[in-house]
1. Using the heavy atoms of the protein chains alone and a 1.4 angstrom probe, what is the accessible area of the range 3-50 per residue in square angstrom?
2. Measure off 7 Å from each Cα along the Cα-to-Cβ vector at ASP32 and GLU81, then give the distance between these two points in nanometres to one decimal.
3. Only Cα pairs under 8 Å and at least 6 apart count here; give the relative contact order of the chain as a rounded whole percent.
4. For a protection proxy built on the mean count of beta-carbon atoms within 10 angstrom, sort 11-23, 141-153 highest first, please.
5. Using the heavy atoms of the protein chains alone and a 1.4 angstrom probe, what is the accessible area of the range 58-193 per residue in square angstrom?
6. To the nearest 20 debye, what is the magnitude of the charge dipole of the range 66-194 about its Cα centre, counting +1 on the Cβ of each Lys and Arg and -1 on the Cβ of each Asp and Glu?
7. Using the eigenvalues of the Cα gyration tensor, what equivalent ellipsoid semi-axes result for the chain when each is taken as the square root of five times the eigenvalue, whole Å, largest first?
8. Can you give the calculated 222 nm mean residue ellipticity of the chain, where each DSSP H run of n ≥ 4 adds -39,500 (n - 2.57) and the sum is split over every residue, rounded to the nearest 500 deg cm²/dmol?
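The values are calculated or read from the model by the stated rules, or taken from the named source; none is laboratory data. On a predicted model such as this, the values are computed, not experimentally measured, just so you know. All Cβ positions, glycine included, derive from the backbone under ideal geometry; neighbour counts span all protein chains shown. Accessible surface is based on the protein model in full, side chains and every heavy atom, while ligands, DNA and RNA are left aside. Shrake-Rupley method; radii C 1.70, N 1.55, O 1.52, S 1.80 Å.
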Amino acid sequence: MNLQTFNPQQETTDEIAKDVRHTLQSIGEDPDREGLLRTPARVGEAFQYLTKGYNEDPDAILRSALFEEDYRQMVIVKDIEFYSLCEHHLLPFFGKAHVAYIPNGKITGLSKIARIVDVYARRLQVQERMTTQIKECIERTLQPLGVIVVIEAQHLCMQMRGVGKLNSFTTTSDFTGAFNRQETRNEFLNLIKK
Ligand SMILES: [Zn+2]
């Protein structure tokens, strides 16, 4: 956890801590035993960090590094590591996002693509919606000739509960514009495999 750039709100920490203390009691634990004393506050801080994407504006992040450029080839950012929480169980799902777009006069900083993946991941999510939100954000801000987003992830809510095979990956994709052509999609899929 990068605490240097993150300031949890004390008021929110206290609110969550109260609930966590109650949860600990509900499962038959003693929240006053030594190992658990600071746990409610820690969970309060951790949850604010893990959901900090609600307070960030992904469109603004892309617009903050927008450049006019007459480049019309595929721009690919692959293997963007992310960590998110499934909204059904509040358990982690994590993996890699691969993003490509074909500019139509405007490009953005490559690191900004990774940033917006992080912003959407730091909210309660389902993998399918996160995939589409990243695609739509790039569409809205860059108005490119096409965008594709592929996400491969492992879901602890499946693995820990014994649903499905251990280490199985869920892959989602969403695309638009030029990527409706199978040939363009294949070019991208070949490039992310390497
Ligand atoms: Zn889940």
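1. 72 Å²
2. 4.2 nm
3. Once divided by the residue count of the chain, the mean separation gives 19 percent.
4. Ranking, from highest mean packing down: 141-153, 11-23.
5. Result: 50 Å² of accessible area for each residue.
6. Its charge dipole is roughly 260 debye.
7. Computed over the chain, the values are 37, 20, 11 Å.
8. The helix-only estimate for the chain comes to -12500 deg cm²/dmol at 222 nm.
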